[in-house]
Amino acid sequence: MKIALIIENSQAAKNAAIHQALASVAEPMGHQVFNYGMYTPEDKASLTYPMNGLLAGILLNSGATDFVVTGCGTGMGSMLACNAMPGVFCGLLIDPTDAFLFNQINAGNCISMPYAKGFGWAAELNLADCYRKLFENEPGLGYPRERATFMAANRGVLANLKDVTCHDMLTVLHKVDQDLLRAAIAGERFAEIFYPNCQDDAIAAYLKAL
């Protein structure tokens, strides 16, 4: 599985620590981690939490990634922005129990975490434990197990509901503020990471034209 890490400007100084915690758990499991930044507070390209959502939508809908790990100060802004995108199902994770239940019940493709609120001593251990609970089990098995069929049905209902209420991603790219879109993909490694992994020629062509 390809996992993308996206960090916005207020928490950019923590990118290295978050990336290390994620990679140390996910890569031994056979997953690939792609760090889309921000890398430092001094990056020329600055991401806000609405841009986190837009970028997550681009990565997931283009097939460039299978899962997005993002966040902000509280995690809520990034979660809201991600859930505004078509095909993105983002949960707010604070502790390993959240991670386990999101994986087993919701089986989404994106998580947002608080990287300021409650981020104190041993925070990197909590991150690693969350990522482990998120990725160590097959998603969607249900908890408790006897409710797995019911939970899977609800996931289908939610997916159908989102299909009705959201535009497709290419339409979003055409309609969104183009300066916001340019800023969201202005990261120094975006082109290097995104285009070789992108599976949607129309999305790639539109972004290249910008």
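The values are calculated or read from the model by the stated rules, or taken from the named source; none is laboratory data. Small disclaimer: the values here were computed from a predicted structure and weren't measured. As a convention, Cβ positions derive from the backbone with ideal geometry for all residues, glycine included, and neighbour counts pool all protein chains shown. Side chains included, ligands, DNA and RNA excluded: accessible areas come from the protein's heavy atoms. Shrake-Rupley method; radii C 1.70, N 1.55, O 1.52, S 1.80 Å.
Database note for the chain: Cys without another Cys beta carbon under 4.7 angstrom, Cys72, Cys130, Cys166, Cys198. Between Arg189 and Ala84, residue separation times 0.36 nm minus the direct Cα-Cα distance comes to 35.3 nm. Amide H contacts of Asn35 (H built 1.01 Å from N, in plane; Pro and chain starts excluded): Leu5 sit under 5 Å, all sequence-distant by 5 or more or on other chains. Report the residues of the range 71-104 in range of a label on Thr165: point 7 Å along Cα→C-beta, backbone N strictly under 18 Å from it. Counting backbone N atoms under 18 Å from the label point, the list is 76-92. Taking only protein heavy atoms and a 1.4 Å probe, the accessible area of the range 1-91 is 59% carbon and sulfur.
Within the same chain, lysines fewer than 8 places from Lys208 are excluded, and of the rest, those with a Cα less than 30 Å from its Cα are Lys2, Lys14, Lys44, Lys162, Lys175. Each residue of the range 161-177 was assigned a 3J(HN,Hα) from its phi angle through the Karplus expression (A = 6.51, B = -1.76, C = 1.60, θ = phi - 60°), giving 4, 5, 4, 6, 8, 10, 6, 5, 5, 5, 5, 4, 4, 5, 8, 5, 3 Hz with x at Gly and Pro.
State in Å² the accessible area per residue of the chain; use a 1.4 Å probe, count heavy atoms of protein chains only, and round to the nearest integer.
Details: 9900 Å² over 210 residues.
Accessible area per residue, the chain: 47 Å².
Taking θ as phi - 60° and the Karplus parameters 6.51, -1.76 and 1.60, the scalar couplings of the range 78-84 work out to 5, 4, 4, 5, 5, 6, 6 Hz in sequence order, x denoting glycine and proline. Once backbone amide H atoms are built at 1.01 Å from N, Asn109 has Phe89 as its partners under 5 Å, excluding neighbours fewer than 5 places away on the same chain. Across the range 57-80, the residues whose backbone nitrogen lies under 17 Å from the label position 7 Å along the beta-carbon direction of Asp201 are 62-64. The candidates Arg145, Arg182, arranged from most to least accessible area with a 1.4 Å probe in the full protein assembly, appear as Arg145, Arg182.
Karplus-based coupling profile of the range 21-31, in residue order and whole Hz: 5, 5, 5, 5, 8, 6, 5, x, 7, x, 8, with θ = phi - 60° in 6.51 cos²θ - 1.76 cosθ + 1.60 and x standing for Gly or Pro.
How would you rank 73-83, 157-167, highest first, on the average number of other Cβ atoms within 10 Å across their residues?
On the way: 73-83: 22.0, 157-167: 11.3.
My ranking of the peptides, most packed first, is 73-83, 157-167.
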